[in-house]
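Inspection log for the structure reproduced underneath, given as structure tokens.
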Amino acid sequence: MKASNLLVECLEREGVEYVFGLPGEELEDVLFSLRESDIEFIPVRHEQGAAFMADVHGRVTGRAGVCLSTLGPGATNLLTGVADAHLDKSPLVAITGQAGLERLHKESHQALDIVHTYRSVTKWNVQLSSPEIINESVRKAFKLAEYEKPGATHLEFPEDVAAAETDAEPLEPRRRVRRPDPDRQSVKRAVELLEDADRPLVIAGNGAVRTRAAQSLRRFVSDTSVPVVGTYMGKGALSDADEHSLFTLDSGANDEAADAIARADCVLTVGYDIAEHDPEKWNPDLDKDIVHLDHEPAEVYEHYNPEVELVCDLSAGLDAVLPEVDVTCPAEWYRDQREAIVEQVMRTPDADDPVTVRNVLPVLREAMADEDVLISDVGSHKMAIAQNFPAYEPNTVIISNGLASMGIAVPGGIAADLALDSEVVVGTGDGGFLMNAAEIETATRLGCDYTIVVFNDSEYRLITEEQEEHRDDHFGTHLTNPDFVAFAESFGIDATRAETWEEIVDALRAGVEGDEMSLVEIPV
Ligand SMILES: Cc1ncc(C[n+]2csc(CCOP(=O)(O)OP(=O)(O)O)c2C)c(N)n1
């Protein structure tokens, strides 16, 4: 068969349902092989959108999302979303076309060294330099992308290799990789530290959600009463309705979650990815006993120097500690913090409250069911969503907090909408929205029905806020915008500008309940 057919058969064998991409001349054989397959090729409007779709597909399904671009400019456009998956530890396989091998040794139209360029944003990558290595390379790309800790991998496919003949066969994926148990000594030491602590606390990170450890975490918390603070990407590992939840890092009007961490004497981290949050912020004085529970050993970091490392599967680690540990953590030390956070987060706005992102969030929460999914873009609104939007189930608030790239939300909504039965809402600033707003066309073409909420402040507000904090001044952050309602309507979707609380309640409810793609603009 043609090598491009072999590549696509390998993808089918991996269970791939969608390839998000943008065509180019050098991809012709791959595209026609995809046409004959069971895989749906989804043409997008910008390669970055394709990579964010694959990234979010990986986040919500745990299986590698696949994105495809042509050589040169296609591959450089794709890179940001691939990097996002890399730092957010989301499984993704990127495939980029390339010129034929006969012209890669010299200066040549659109030819860049993409394998080299992608090396710093992937766990592993390779050029498919001959049809004979396709089957092993595809298997390896998926295995490494999906194996803890997951991330991005990349295959470069030169057009002459794609057109060559081969009689190689796809490899059979075997996904049953055994996940390791913790060693007895480490469990014993972790138990001692937790039992000796006066104010133990759990930080639940991205890994707690990603590795599906929520059930074990919930059991651990219910038996020990140890409180939990989630990272932005750990939201929902413990339900915020649980009396032991202290919500998310920096939650509460007076940073009550941070205050609880500051007073904790022993911190058990469960799947904490350092890329998400600098430990210097919560362990500035190096005075906490840290128990590190993760699939990988702790990063070497002055402010993160654990007393003990449980290097194992997260559920296995929690399940091993729980029967040994004799801890009933007194609620007195964190109850006030929880009450203050709940009061602020759950408070529905009064008629004369200003329309701010934080005030809108209880209304949005009310409109959405527990299992519905909110995808945040990046900016000031992301901080508000992370800190003020309660999550009740794992993976129901999707936030990029590793690379933290603007522009993820609108394309991310497409991937979530395709993969999930629950309702999907996207929350974005006006800045991040316009970065990838062209993907609304992709969404309507596919019949998606998610809701885009644009918090319009005509500025890159997070940067304004930071500059103001540092120097009482700001520069380079103000924008003008198109008429977002007319803009959205030009794509053929429903759109509303909601300014009063009554309009906001109605518009958000209608957006979530409706089965058409829609946009709600909220001036803030
Ligand atoms: C691709 C990218 N470029 C720049 C930044 C730096 N940055 C972080 S937040 C932000 C402002 C976002 O503005 P907007 O989308 O309007 O959201 P807001 O802060 O107003 O809520 C910028 C420029 C980034 N994170 N990602």
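Read the figures in this text as sums done on the coordinates, not as results from a lab. Bear in mind that the values here come from a model prediction, so they are computed numbers and not experimental data. A quick note on method: Cβ atoms are made from the backbone with ideal geometry, for glycine too, and the neighbour counts reach across all protein chains shown.
The average projected area of the range 226-289, computed from the convex hull of its Cα atoms over all directions, is 4.3 nm².
Across all Cα atoms of the range 475-524, the radius of gyration (one decimal) and Dmax (whole number) stand at 12.4, 41 Å.
With 0.36 nm allotted per residue and the present C-alpha distance subtracted, the GLU17-ARG335 stretch has 109.8 nm of extension available. Kirkwood analysis of the range 33-94, using all unique Cα-Cα pairs, places the hydrodynamic radius at 11.6 Å. With one equal scatterer per alpha carbon and no solvent term, the Debye-computed log10 I(q)/I(0) for the range 260-331 at 0.23, 0.26 1/Å reads -1.12, -1.30.
Here r is the Cβ-Cβ distance between GLU343 and GLU371 and R0 is 35 Å; the resulting FRET efficiency, rounded to 0.05, is 0.90. Entry for the range 383-432 at q = 0.16, 0.33 Å⁻¹: log10 I(q)/I(0) = -0.49, -1.44, Debye formula applied to identical alpha-carbon scatterers, no solvent contribution. The smallest convex shape that holds all Cα atoms of the range 295-335, its convex hull, gives 117 Å³ per residue. Its Kirkwood hydrodynamic radius, worked out from the mean inverse distance over all distinct Cα pairs, puts the range 124-215 at 17.2 Å.
Can you give the Rg to Rh ratio of the range 196-336, both from alpha-carbon atoms, with Rh computed by the Kirkwood formula? The Rg/Rh ratio comes out at 0.91. With the simple spin-label model, which puts each label point 7 Å out from Cα in the Cβ direction, the GLU299 to LEU286 separation comes to 1.8 nm. Working from the Cα coordinates of the range 321-381, the gyration tensor eigenvalues give, after taking √(5λ), semi-axes of 32, 18, 11 Å in decreasing order. The alpha-carbon atoms of the chain, seen along their principal axes, cover 70, 60, 43 angstrom, with the largest extent given first. Its Cα gyration tensor gives the range 323-428 an equivalent ellipsoid. The semi-axes, each the square root of 5 times an eigenvalue, are 27, 21, 14 Å from largest down. FRET efficiency for the ASP113 to LYS140 pair, using the beta carbon distance and R₀ = 25 Å, is estimated at 0.75.
Rg and Dmax of the range 186-253, based on Cα coordinates, read 12.0, 38 Å.
When the alpha carbon gyration tensor of the range 441-524 is reduced to an equivalent ellipsoid, the three semi-axes, largest first, read 29, 15, 11 Å.
Full extension of the chain between GLU469 and ARG175 gives 100.9 nm of extra length, using 0.36 nm per residue less the Cα-Cα distance.
Projection of the Cα convex hull of the range 418-457, averaged over all directions and equal to a quarter of that hull's surface, yields 2.9 nm². Applying 0.36 nm per residue to the separation of GLN215 and ARG497 and subtracting their alpha-carbon distance, the gain on full extension is 97.5 nm. Applying a threshold of 20 Å to the alpha-carbon distances of LYS288/LYS382; LYS2/LYS123; LYS143/LYS382; LYS89/LYS143 flags LYS288/LYS382; LYS2/LYS123; LYS143/LYS382 as lying beyond it. Based on DSSP H segments of at least four residues, each scored -39500 (n - 2.57), the chain has a per-residue ellipticity at 222 nm of -11500 deg cm²/dmol. In the range 372-524, one over the average inverse separation of all distinct C-alpha pairs is 15.7 Å, which is the Kirkwood hydrodynamic radius.
Here the contact order of the chain, divided by its residue count and restricted to Cα pairs under 8 Å and six or more residues apart, works out to 13 percent.
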